[in-house]
């Protein structure tokens, strides 16, 4: 059987391209879920500081901005949470996947402590977990969507600007 070298070359190139194209990534369009989660993980342990924007201290909105900028989200600009929620480039999804942004609809008070969730944001990493600037640890941490966070009525969005 004779194989045409051009057909073989094209087939190999297509196979290589398919291997490296992230299909259905929930992270910002054009990035992979794993790159977004890895970028979020790189902030773990950094101190939570209101209006902080670097490794000496960071707040939740800067955390999302820094992660998405690192993975190359096109057109991303820094915004505080209320403006992020209004930004139509954050498209709400009912099927959250790693790399999506997690928002909350309301604040929650538990044991005399108020969690200002309506002005909070994080990066969903899968398995009912997200990375945020933790109210409890005062550092960037991995948290579960249970208790206070579930009561705040979470919803998810992805950056879709191309």
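Could you please give the count of residues in the range 130-153 that are outside any loop (DSSP other than H, G, I, E, B), more than 10 Å from the chain's Cα centre (by Cα) and crowded, with 18+ Cβ neighbours inside 10 Å?
Here the count works out to 6.
Name the one entry in 116, 104 that is surrounded by 20 or more Cβ atoms within 10 Å (Cβ to Cβ) and more than 13 Å from the chain's Cα centre (by Cα).
Unique residue meeting the criteria: 104.
Looking at (1) touching a helix residue (DSSP H, G or I) at 6+ places or on another chain (Cβ under 9 Å); (2) within 24 Å of residue 56 (Cβ to Cβ); (3) at pLDDT 95 or above, which is the only condition residue 141 fails?
Here residue 141 meets the rest and fails (1).
The values are calculated or read from the model by the stated rules, or taken from the named source; none is laboratory data. Since we're looking at a predicted model, the values are computed, not measured. When we count neighbours, we look across all protein chains shown, and the Cβ atoms used for this are built from the backbone with ideal geometry, even at glycine.
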